[in-house]
Amino acid sequence: MLPLMVNVSATPIVVVGDGFAAAQRLTILRAAGAGNVTTFAADPETDVVALSEDQLVRRLPTEEDFKSLNPRVVYVCDIPEAEMRDAVTWAHAVGALVNVHDRQDLCDFHMPAILRRGDLQVTVSTDGKVAGLSRLLRDYLQDQVIGAEWAERVSELGQKRAGWVAQKLPFEDLRDHVNGYVKERGWLD
């Protein structure tokens with residue numbers, strides 16, 4: 001697997017599912033700033049309705065839906081096998097990357113456990129093998145290593161770095177400035 005950070009602010013995304021797993025994906029997408037998410041849910045739970053905002057379609061998707069929406073990313077959660085396989089086929093036909101909840105064999109990508117501190121994101125993954133372990137490690141990092149103070153630290157250092165970039169410093173100097181700033185403040189002691 002190759003970890004990537006994707007700008008989802010305008011990326012067309014489809015979530016298919018009625019329950020908890022779909023709500024989890026929608027929560028993660030909203031936290032990441034996703035702004036173009038269409039949810040298909042035949043019998044959505046309350047959380048799915050709330051998180052879908054005004055982009056909820058109360059049925060399962062059709063092949064035509066995938067063609068017209070042209071999603072780049074698709075999440076499929078807890079729907080019957082035949083409909084799940086259709087959704088995967090239609091998503092692939094339009095070039096989308098697909099994640100099927102608890103079906104590693106059908107996934108193009110896996111969801112890591114995500115720890116957010118402002119603009120800082122730390123992810124933990126077991127390549128889809130043991131999601132529970134990823135969550136445990138993320139929680140350990142959250143509780144023991146990367147506290148809330150890191151949100152402000154990233155903002156502070158980001159402003160400093162922008163100034164150094166404006167001075168047109170070479171990459172090696174930028175690296176040395178960042179390393180020196182972190183060391184001087186004892187952030188990793």
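Helix-only mean residue ellipticity at 222 nm, the chain, DSSP H runs n ≥ 4 weighted -39,500 (n - 2.57), per residue, nearest 500. What is it?
Working: 7 runs with 82 residues, N = 189.
Computed mean residue ellipticity for the chain: -13500 deg cm²/dmol.
Considering region 41-105 at the alpha-carbon level, its Rg and Dmax are found to be 11.7, 32 Å.
Tell me, in nm to one decimal, what length is gained between L4 and A162 on full extension, where the rule is 0.36 nm per residue of separation less the Cα-Cα distance? Before the final figure, lay out the partial values.
On the way: separation 158, 0.36 × 158 = 56.88 nm, distance 2.29 nm.
Using 0.36 nm per residue and subtracting the Cα-Cα distance, I get 54.6 nm.
Among the trypsin sites (Lys or Arg not before Pro) found in region 56-162, those both in a DSSP coil and sparsely packed, with 13 or fewer other Cβ atoms within 10 Å of their Cβ, are R58, R59, K129.
Exposure proxy for W187, W164, W150, W90: other Cβ atoms within 10 Å of each Cβ, ordered fewest to most, give W187, W164, W150, W90.
Remark: the R85-N36 segment gains 15.3 nm on full extension, using 0.36 nm per residue and subtracting the alpha carbon distance.
For a straight C-alpha distance cut-off of 23 angstrom, the lysines reachable from K160 (same-chain residues fewer than eight places away being disregarded) are K168, K183. What FRET efficiency do you get for N179 and L97 if R0 is 41 Å and r is their Cβ-Cβ distance, rounded to the nearest 0.05? Given R0 = 41 Å and the Cβ-Cβ separation, E is 0.75. Remark: region 1-131 carries a charge dipole of roughly 480 debye about the Cα centre, counting +1 on each Lys and Arg Cβ and -1 on each Asp and Glu Cβ. Packing around the peptides 41-47, 93-99, 180-186, taken as the average count of other Cβ atoms within 10 Å per residue, puts them in this order, highest first: 93-99, 41-47, 180-186.
Look at where the Cα atoms of region 53-72 and of region 114-158 average out, and the two centres are 32 Å apart. With Rg/Rh (Cα atoms, Kirkwood Rh) as the read-out, I listed (i) 1.02; (ii) 1.06; (iii) 0.95; which label goes with the value calculated from this structure? Checking each listed value against the structure points to (ii).
DSSP bridge analysis restricted to the chain gives an antiparallel fraction near 25%, rounded to the nearest 5.
Here, each number is a calculation from the coordinates, and none is a lab measurement. As the structure is a computational prediction, the values presented were derived from the model and not from experiment. All Cβ positions, even for glycine, are placed from backbone atoms using ideal geometry, and neighbour counts span all protein chains on display.
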